[in-house]
Amino acid sequence: MLIQNMVGDISTLTDKPVIITGGGGGIAQEAGIALAYLGAKVIIGEVDEKKGRTAEGMIAALFPDRARYIPLDLEKPDVIQHFCETVSAEYGTPYAIINNAAITPFDSIERLPLSDWDRSYQVHLRGPLQVIQFFLPKMVEKNQGVLVFTPSSGAVAYMGGYEVFKTAQVELANTLAAELEDTGLSVFSIGPGLVKTQTAMQGIEKVAPLMGISTDEFYHMNRENIVSAEEAGTAFAVSLLLAKKYHGQEIGGIQALIDAGIHEKSGEQISATFCEEGRILLTAIVQTFDEQNNGWKKRNVFERQWMLRDFKKHAGRSADEMANALHQYQIAYTEKDSEQLSGLSALLASLSGYYQHQLEMMQGYIKDSEKRQEYDSCIRGWLKDIETMKRMV
């Protein structure tokens, strides 16, 4: 199992109850196995009884008495209430809640029925909120716990019925993180990547034709973001061990695997040119982005949210995820670790794409010609640094 490659202390979750909603699915099932390995008591909240029982059986076969299926339908408030009361009676207050459950109502805004929007709202936002409201007071009282959200990447044509409320989870997570800042609780969002689960594949079979492409073409276009269910599930599990580090952030699953010492080699052969010039250049790139990211966080809440959303839209990942990845690659380059540099070139390309966007946006927002010329020169310098660095890796 991938989780067996975990390095460091794994005792944090020993005998801790952890809820996973949608716990019978591919990613959640793998997360349950990894969590049970880490010693957690896995509570599987699942609307499909067959899936729930199957996941319970698979985990129990490996780790007896570590999994329990309890029916959960996030579209039905009375069922949610019964689920929470059952968990409370049998386990007390959960240590962690992983809001994983999802449905995929894909179609155009014009054609998708309002009933599907209502279902998406219930499953992706209202249902998770009801579960959290039930347990949050006791979690705060205990001064410990983790709330995890699993949002998607943002607006995509024909996927609005799914994306709108999944993306809203980020804002819910950020709000909770701010409100719980002075408690022992941690709140963060984690994107698993594109995983060929049954739910995802059914959704893509609907949306690909609407985009005018085949399902094979869809997967080929997104091949760099595809990960296995085991990778995604293991990332969910180990992220709980690193929850304090991730508090208030939106991270990617691969980041959690790297931070936990689990990193499946891509097979890509990296022939990096290790030299002092490269080290200085990469350090400058990292410092430049750190200054930008820190500057955004000091802005007022509305400016900050807009800038962070704009970055994610054009860079394909959150600002914190970019910063953490850049620092990991900086360490790898300093230590001349070629294997750990896999993916650096792609990361730099995404950062370059954002800087290009900044360059274009600046032309329409800065009236002062001297300032515009100054910023233009500065951004082009950043772009030149990135292109030079890419040639070294």
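Rule-based calculations on the coordinates, nothing more; no lab input. Nothing here was measured: the structure is a model prediction, and the numbers come from that model. Here the Cβ positions follow ideal geometry from the backbone for every residue, glycine too, while neighbour counts run over all protein chains shown.
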Worksheet item: If one takes the longest principal axis of the Cα atoms in the chain, at what angle in degrees, from 0 to 90 and to the nearest 10, does the Cα axis of helix 369-392 lie?
Response: 70
Discussion item. On a straight-distance basis, which aspartates and glutamates could pair with residue 390 in a cross-link, Cα separation under 20 angstrom, same-chain partners fewer than 8 positions away excluded?
Written reply: 224, 268, 276, 277, 290, 321, 335, 337, 339
Worksheet item: What residue among 38, 281, 348 has the largest mean-square fluctuation in a Gaussian network model of the chain, using Cα springs under 10 Å?
Response: 281
Worksheet item: So which trypsin sites (Lys or Arg not before Pro) in the stretch 285-393 are both in a DSSP loop and have at most 10 other Cβ atoms within 10 Å of their Cβ?
Response: 298, 367
Worksheet item: Amide H to amide H, which residues 5 or more places from residue 41 or on other chains are under 5 Å from it, using H placed in the peptide plane?
Response: 15, 16, 18
Worksheet item: Over what distance in Å are the Cα centres of the stretch 332-393 and the stretch 70-149 separated?
Response: 40
Worksheet item: Could you give the alpha-carbon Rg of the chain over 2.2 N^0.38 Å, rounded to two decimals?
Response: 1.02
Worksheet item: Taking only Cα atoms, what is the 0 to 90° angle, nearest 10, from helix 344-365's long axis to the longest principal axis of the chain?
Response: 70
Worksheet, complete the sentence: Of the listed links 166/313; 313/371; 16/142; 142/244; 76/142, those spanning more than 19 angstrom between alpha carbons are 313/371; 76/142
Practice prompt. Considering only 21, 104, 334, give the residue with the highest GNM mean-square fluctuation for the chain, with springs between Cα atoms whenever their separation is below 10 Å.
Written response: 334
Worksheet, complete the sentence: Scalar couplings 3J(HN,Hα) for the stretch 282-299 by Karplus 6.51 cos²θ - 1.76 cosθ + 1.60 (θ = phi - 60°), nearest whole Hz, x for Gly and Pro, are 5, 4, 5, 5, 5, 5, 4, 5, 4, 4, 5, 4, 5, x, 4, 5, 8, 6
Practice prompt. Kindly provide the helix-only [θ] at 222 nm of the chain, computed as the sum of -39,500 (n - 2.57) over DSSP H runs of four or more divided by all residues, to the nearest 500 deg cm²/dmol?
Written response: -19000 deg cm²/dmol
Worksheet item: How big is the gap, in Å, between the Cα center of the stretch 33-59 and the Cα center of the stretch 304-318?
Response: 35
Worksheet item: Given the options 111, 68, 119, which has the most mean-square fluctuation in a GNM of the chain, springs set between C-alpha atoms less than 10 angstrom apart?
Response: 111
